[in-house]
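Heads up, the thing below is written out as structure tokens.
The values are calculated or read from the model by the stated rules, or taken from the named source; none is laboratory data. Computed from a predicted structure; not experimentally measured. Here the Cβ positions follow ideal geometry from the backbone for every residue, glycine too, while neighbour counts run over all protein chains shown. Areas reflect the complete protein model, heavy atoms only, side chains present, ligands, DNA and RNA absent. Shrake-Rupley method; radii C 1.70, N 1.55, O 1.52, S 1.80 Å.
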Amino acid sequence: MIYASAPGKINLYFAVGPKLENGYHEVCSIYLALNLRETVGVRFADELAIDVDGSISEDQLRAVPKDESNLVVRASQLVTEEIIAYEITKQVPVAGGMGGGSADAAAALLATEALVGSRALSDALTLGADVPFALMGGVALGTGVGENLVPLKMKSELHIVLIANEGGLATPAVYQRLDELRESANLVPEFNPPSPTELIAALEMGDLNNVARLAHNDLQWAALNLKPELQNVIDQALAAGALSAHVSGSGPTVFAIAKDAESAAAIASRFGKSAIITTGPSFGARLEN
Ligand code: ATP
């Protein structure tokens, strides 16, 4: 087996433009790779097999597709027509807005390239908008559909508590609800969502309070509309001392920014088993052997 790992992510900032004719939305995002990493092993095989294990719940492990619809298979198919067997070790909640499937795809791409000894023939972006960032890691500004990535500097490490939620939210449904909410409120978003210059400066300076204050997610409105109980999670995280708390991407995972490791532990203790303590940034996809 050849193994590679890749990070899950949160979006510290996520601004969404209007729906384009091709059905996509222009976004402006700050991605933060987390030290919550997925590992994918690949080997040649006679038939497709996908073993899934990891630290997420049994229900979540069962939600991972074991057939060709799994992104790891689609990633390998960019590199080779050979049949591959996979071992996926998951730490990132499934359908939680944290790019777990994208991290698996990035790790599978790298591992398959090493197995076969050649590079992918087509672009990793075809696997999903978050795959290029899972390959790159760190902290980055993403524009377009999230694929135009510019690495950013970040002075200090962030302590993050993730509060997972079992009932996943489908990303397309959250975007659709945002479009509907905006339409009924007569809100027309800017065509090119603005870049969060103040937040970028705060990250560069390691100004934690301003990072927390300026974190933002346009999709949160729609995610809360679809799952109002997430507001309670945000409120509880704040009451436990979080500097700020937001829905991660399209949700339903909530991330809280903590002052330090001690505060992260105090916030996590409010949520029992559904809380995951982590830090960021983490590095991008790499081989692990
Ligand atoms: P994103 O934030 O990139 O939109 P997400 O983090 O919300 O994604 P994922 O965990 O990537 O969600 O999974 C979304 C869906 O993709 C799952 O419900 C599942 O059906 C499918 N999927 C395909 N491959 C995988 C994989 N390797 N791991 C998890 N889900 C996968």
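Residue check: Ser248 meets all listed conditions (1) in contact with a strand residue (DSSP E or B) (Cβ under 8 Å, 6 or more places away or on another chain); (2) more than 16 Å from the ligand (Cβ to nearest atom); (3) not aliphatic (A, V, I, L, M) but one, namely (2).
Restricting to region 75-91, and then to whatever is under 20 Å from Leu61 (Cβ atoms) and either modelled with pLDDT under 95 or not aliphatic (A, V, I, L, M) (or both), can you tell me which residue is nearest to the ligand (Cβ to nearest atom)? Looking at the filtered set, the residue picked out is Lys90. Of all residues in region 106-116, none satisfies being without any contact (Cβ under 8 Å) to a residue 40 or more places away in the chain, open to solvent by 10 Å² or more (accessible area, probe 1.4 Å) and within 17 Å of the chain's Cα centre (by Cα).
Scanning region 42-74 for residues that are assigned to a loop (DSSP other than H, G, I, E, B), open to solvent by 30 Å² or more (accessible area, probe 1.4 Å) and either more than 11 Å from the ligand (Cβ to nearest atom) or closer than 24 Å to Pro132 by Cβ (or both) gives Asp46, Glu47, Leu48, Ser55, Ser57, Pro65, Glu68, Ser69. Whether a residue is under 27 Å from Arg62 (Cα atoms), away from the ligand (no atom under 16 Å from the Cβ), at pLDDT 95 or above and not charged (D, E, K, R) was assessed, and Val150 does not pass this test.
Every residue, every condition in (1) in contact with a helix residue (DSSP H, G or I) (Cβ under 8 Å, 6 or more places away or on another chain); (2) polar (S, T, N, Q); (3) closer than 25 Å to Tyr24 by Cα, yes or no:
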{"position": "Asn70", "(1), (2), (3)": "yes, yes, yes"}
{"position": "Thr89", "(1), (2), (3)": "no, yes, no"}
{"position": "Gly97", "(1), (2), (3)": "yes, no, yes"}
{"position": "Gly101", "(1), (2), (3)": "yes, no, yes"}
{"position": "Leu135", "(1), (2), (3)": "yes, no, yes"}
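In this entry, Leu125 passes the filter for residues that are within 13 Å of the ligand (Cβ to nearest atom), of a type in the set (A, V, I, L, M), open to solvent by 30 Å² or more (accessible area, probe 1.4 Å) and assigned to a helix (DSSP H, G or I).
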